[in-house]
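Here is the structure we will look at.
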Amino acid sequence: MFRPQAVSLRCPRCGFTYQTPVFTIIDVGQTPELKQLVLSGGLNASQCPHCGNINAIVAPLLYHDPAHEFLGVFIPPQLNLNEAQRQKIIGDLSNALMNSIPAEQRRFYMLNPQQFLTMDSLIEKLLGFEGITPEMLAASRKKLDLVQDLVRVRNDTIAFNIVVKENEKFLDREFFGLLTQFMMAAQAEGNREQAMALADVREKLLPLTEYGRRILKQRQAVQNLGERPTRERVLQAILQGDMDEAEAIAVVARPILDYRFFQELTNRIEALPAEERAAQEQKRQHILEVLETLRAADQAALQMAQQVLQELLTAEDLDKAIAEMLPYIDQTVLTLLLANIEEAERRGATAAVKRLTDVWERVTAALKAAIPPEVQLLYALTEADYPDGTRQILRDNKALVTPQFLEFLEQSIKALEEEPGEDGERRETIRHLKNVLTQARLGV
């Protein structure tokens, strides 16, 4: 695994200097999860923690895809390098990659990386490996522009409906996937305003588009299961629902869908009249494929988490390693770390417990420090007792309780209310946050 380098960046908008990770070598054979980051154009871009501006870091990039025997390199023209300097950087990056690959896996193509004059041309080459033609790429660019158009007119119902009507053919699964990616990116970067605007666009599109109506149908199918669906209820819902509904039910009821479940489902299907059996068998096969896709994703995430944890545990400078690995540290890594602590405690491995606990404390501190202050305030208010505890937190953080924060709190409540399924704990959280919102608005 090639770690990103921590560099100091001075924000061109506000002048604030902060540390940010920069990748110069991407080997998707070792870190496949970085492929999408490159394809989306989000590599080596970071948000200023002071003003929120998104800053792109100008840096060379060597990209290796062993599955397609491809090695490409991009040297930004902004670096103003002469040819000798360019070739030295290319040689240094190529040598670093070759030294990380076992001798028996080295290939001739690795000796001569393809050079690209722009990052866009490199991305187009990579998209070609994914089967994306120039025509498909043009349609994707149209969808990117369409996201911006819809965000801009989202508060004008007439204009919004006109844009939707004129672009119906583009508002498909890929478009909704783009919306979700942008929302997640905005949330991760602490850009509340952008995340809320994108969420608003998505909700308005649901009843107006074919794919959106499919999402609403799936959401209703999940809600109909109730808070704690039984095995029998899930069976009936899958048998009675269509393919889309069955897929959504399978995802949320995944823990129930074990060998015994599919044995019972098969028995029910075999008992059906012949004319109904084929459709149900097709539905069962689709569910199995969905579950296999989820299982493979879980396995890949676990392998990545194990590699990240190993890097941290063997690091000589733990704080530096955490700073470099922070982009890779997710919930899977944290869960695995906790599991290792519990196992070490069970075995009575005192030294291991001490090291693992130290890693846990420093990782969680680094993650907390990376969270925007407003989000930290929301977490604190969620966990505090109402009304005395929340009142004190609001008073202690008066400068953060702005109209923008109140809107953020309101949108967070709305997002919780719109989550599918029934959940008593979530209902209690919604009630708690509504009380806090009232308290904050009254300034008490």
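The values are calculated or read from the model by the stated rules, or taken from the named source; none is laboratory data. Worth saying up front: this structure is predicted, and the values here are computed from it rather than measured. With ideal geometry, Cβ positions are generated from the backbone for all residues, glycine too; neighbour counts draw on all protein chains shown.
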Taking the condition of being touching a residue at least 60 places away in the same chain (Cβ under 8 Å) and aromatic (Phe, Trp, Tyr), how many residues in region 53-111 meet it? 1
Determine, yes or no, whether Ala399 is at pLDDT 90 or above and either loosely packed, with under 12 Cβ neighbours inside 10 Å or not in a helix (DSSP H, G or I) (or both). no
Please state which of the following conditions Glu247 fails to meet, knowing it meets all the rest: (1) touching a residue at least 40 places away in the same chain (Cβ under 8 Å); (2) outside any helix (DSSP H, G or I). (2)
Give the number of residues within region 101-123 that are loosely packed, with under 15 Cβ neighbours inside 10 Å and either of a type outside the set (S, T, N, Q) or part of a helix (DSSP H, G or I) (or both). 12
Quick check on region 371-390. Is at least one of its residues touching a residue at least 60 places away in the same chain (Cβ under 8 Å), surrounded by 13 or more Cβ atoms within 10 Å (Cβ to Cβ) and within 21 Å of Ala305 (Cβ to Cβ)? yes
Among the residues of region 170-185 satisfying the criterion of being within 15 Å of Arg214 (Cα to Cα) and free of Cβ contacts under 8 Å to residues at least 40 places away in the same chain, which is farthest from the chain's Cα centre (by Cα)? Asp172
Tabulated pairs, region 311-330, first under 17 Å from Ser46 (Cα atoms), second outside any helix (DSSP H, G or I) and not basic (Lys, Arg), C-beta under 7 angstrom, 6+ apart or interchain: Ala323/Ala6; Ala323/Gln19; Glu324/Pro4; Glu324/Ala6; Glu324/Pro21; Leu326/Pro21; Pro327/Pro4; Pro327/Pro21
In this structure, is Ile393 modelled with pLDDT of 85 or more and either in the same structural domain as Gln194 (by TED's automatic domain parsing) or surrounded by 13 or more Cβ atoms within 10 Å (Cβ to Cβ) (or both)? yes
Just one of (1) at pLDDT below 80; (2) under 30 Å from Lys217 (Cβ atoms); (3) of a type outside the set (S, T, N, Q) trips up Ala370, so point out which. (2)
Please go through (1) closer than 20 Å to Glu417 by Cβ; (2) touching a residue at least 24 places away in the same chain (Cβ under 8 Å); (3) not aliphatic (A, V, I, L, M) for Arg254 and return the number of the only condition it doesn't satisfy. (1)
Being surrounded by fewer than 12 Cβ atoms within 10 Å (Cβ to Cβ), modelled with pLDDT of 80 or more and touching a helix residue (DSSP H, G or I) at 6+ places or on another chain (Cβ under 9 Å): is that true of Lys165 here? yes
Residues of region 124-162 satisfying the condition of being over 29 Å from Pro60 (Cα atoms) and surrounded by 15 or more Cβ atoms within 10 Å (Cβ to Cβ): Leu146, Val147, Asp149, Leu150, Val151, Val153, Arg154, Phe160
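A quick yes/no check of all residues on (1) surrounded by fewer than 11 Cβ atoms within 10 Å (Cβ to Cβ); (2) more than 26 Å from the chain's Cα centre (by Cα); (3) modelled with pLDDT of 90 or more:
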site: Gly212; (1), (2), (3): no, no, yes
site: Leu225; (1), (2), (3): no, yes, no
site: Arg233; (1), (2), (3): no, yes, yes
site: Val252; (1), (2), (3): no, no, no
site: Asp258; (1), (2), (3): yes, yes, yes
site: Thr266; (1), (2), (3): no, yes, yes
site: Leu272; (1), (2), (3): no, yes, yes
site: Leu288; (1), (2), (3): no, no, yes
site: Gln307; (1), (2), (3): no, no, no
Does Ala278 qualify as being out of contact with any Phe, Trp or Tyr (no Cβ under 7 Å at 6 or more places or on another chain) and within 28 Å of Gln331 (Cβ to Cβ)? no
For region 209-268, enumerate the residues that are farther than 20 Å from Leu288 by Cβ and β-branched (Val, Ile, Thr). Thr209, Ile215, Thr230
